[in-house]
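Undergrad: Right, I'll just put the structure down here and ask away after.
The values are calculated or read from the model by the stated rules, or taken from the named source; none is laboratory data. All values derive from a computational prediction rather than experimental measurement. Note: ideal-geometry Cβ built from the backbone for every residue, glycine included; neighbour counts use all protein chains shown. Protein only, heavy atoms only, side chains kept; ligands, DNA and RNA dropped before computing areas. Shrake-Rupley method; radii C 1.70, N 1.55, O 1.52, S 1.80 Å.
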Amino acid sequence: MVRHTPSVADYRATSPDNGRGVPLIGGRAVALSGAVIGLGLLGDTLIYAVLPLYHVELGMSLAMVGVLLSLNRWTRLLANSLVAGIGEHVGARRMMVLAALGSVISTTCYGLDGGEALQIAARILWGISFAALNLGSLAYAVADRANAGKRVGASRGLIGVIQASCFIGGGLLVLQIGPRHVFLVLGALTLLAVIAALRLPPLHSEPSDRRGFRLPMPHRLEIWGFLLGFSGDGVFLLTLAFLLKDSVTSVAPIMATALVLSLRCVMEASGGPVGGWMGDRFGARLVATVTGTVLVAGYLLIACHIDVVGSIVIVLSRGLFNTLIPVMVMQRVTGGYLSSQASYSTWRDFGAAVGPLTAPWLFLNIPQSWLFAALGVMMAAGVTFCLARK
């Protein structure tokens, strides 16, 4: 007897659907997709804590640190739309398998002494890989739109657990084996992302009329994404290590930074499912507005030199947006979800690319009170005009 290997067409024909002929994707697939991106993120997670503190040991200037931390975001400006188009043609599963392989290579390269050129290439590869992992995992999470908030929250929760473990374990490894060799260990662990990706089921795609790359027109969510990327994923992340280095002296700076950043991951792991449920129950816009207001308070606390408390407030509230924003994107979508999410991601990455490039100059030339007060005012305007308004 010849065994029949199920095809994508067979899967669509035999799988339960949501009444529109689209097969339902169960919780196992959502968990696997979350594991793929969580494991793929290991190297990129720790690099934000390692590079600012150990740039001298790694043979690079602080300016080059800003370039490397922003380069993957610049890459994603192009990659988000291109990857969305590719994913709509080849499917989210194949896209995530290739992206997982890219994450293994890029993470391993972080640990090689190949000079700045190798690190630049690794960050470009990671930018492309993350664009694919992010869009693919979100596509699996929102496949059941009625429960999108809970599913995105569960997926982000799993990612948060993996990242929090990476911050703590990676920080301890840095103290034992050094800031370069730790990435060789993480590169080996990232191979698990490839195994998880290969176990994903096929996913029905929703084709759209997007053709090639174009910078999407920014709407309110895109403007918020730019502000969030510039302040939270750019200026704040690059300066966090220096803020805590001066404020916390009881533990090594790498561990202080890793502990605070891990709180964001813990929030995504514990608060993400709750935030997703609240978004489904009370509306993602309302919950996002309240969360954004708390985020503003964090910047104002740092402006008042309450660095540790303000940093914790920022990382906790920032973590919830990884659950809320995909739901808001899904609620406004008119075409393919991948393309709509790519539009938001492009502008968020734009902000996160500009932030690290400008952060060294801003932090060294503008007093802390003025810098973070300005960030707080900017984010307050974003909450008012981008989140609170319908």
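Undergrad: So for region 288-304 (the condition being in a helix (DSSP H, G or I), within 30 Å of Gly85 (Cα to Cα) and either open to solvent by less than 10 Å² (accessible area, probe 1.4 Å) or of a type outside the set (D, E, K, R) (or both)), does at least one residue qualify? Even if it seems obvious, please write down each step before you answer.
TA: So in region 288-304, the residues in a helix (DSSP H, G or I) come out as 288-303.
Checking the rest, the ones that are also within 30 Å of Gly85 (Cα to Cα) come to 288.
When the remaining residues are screened for being either open to solvent by less than 10 Å² (accessible area, probe 1.4 Å) or of a type outside the set (D, E, K, R) (or both), the result is 288.
The answer is yes; a qualifying residue exists.
Undergrad: While we're looking at this one, here's another question. If Gly276 satisfies every condition in (1) at pLDDT below 85; (2) open to solvent by 60 Å² or more (accessible area, probe 1.4 Å) but one, which is the exception?
TA: (2)
Undergrad: Got at least one residue in region 202-214 being among the acidic types (Asp, Glu), open to solvent by less than 10 Å² (accessible area, probe 1.4 Å) and either at pLDDT 75 or above or over 22 Å from the mean Cα position of the chain (by Cα) (or both)? So that I can check it myself, show each step before the final result.
TA: Of all residues in region 202-214, those among the acidic types (Asp, Glu) come to 206, 209.
Then drop every residue that is not open to solvent by less than 10 Å² (accessible area, probe 1.4 Å), which leaves none.
Among the residues of region 202-214, not one is among the acidic types (Asp, Glu), open to solvent by less than 10 Å² (accessible area, probe 1.4 Å) and either at pLDDT 75 or above or over 22 Å from the mean Cα position of the chain (by Cα) (or both), which makes the answer no.
Undergrad: Please count how many residues of region 141-172 are part of a helix (DSSP H, G or I), at pLDDT below 75 and of a type in the set (A, V, I, L, M, F, W, C).
TA: Start the filter on region 141-172 by keeping residues that are part of a helix (DSSP H, G or I), which leaves 141, 145-172.
After this cut, where a residue has to be at pLDDT below 75 as well, the list is 141, 145-157.
Subsequent filtering for residues that are of a type in the set (A, V, I, L, M, F, W, C) retains 141, 146, 148, 152, 154.
The qualifying residues number 5.
Listed here are the residues, each with its yes/no results for (1) surrounded by fewer than 22 Cβ atoms within 10 Å (Cβ to Cβ); (2) in contact (Cβ under 8 Å) with a residue 12 or more places away in the chain.
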{"residue": "Val65", "(1), (2)": "no, yes"}
{"residue": "Val90", "(1), (2)": "yes, no"}
{"residue": "Ser103", "(1), (2)": "no, yes"}
{"residue": "Glu116", "(1), (2)": "yes, yes"}
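Undergrad: With respect to Gly319, determine if the residue is outside any helix (DSSP H, G or I) and at pLDDT below 80. Before the answer, list the steps.
TA: Working: outside any helix (DSSP H, G or I): no; at pLDDT below 80: yes.
Taking the combined requirement at face value, the residue does not satisfy it.
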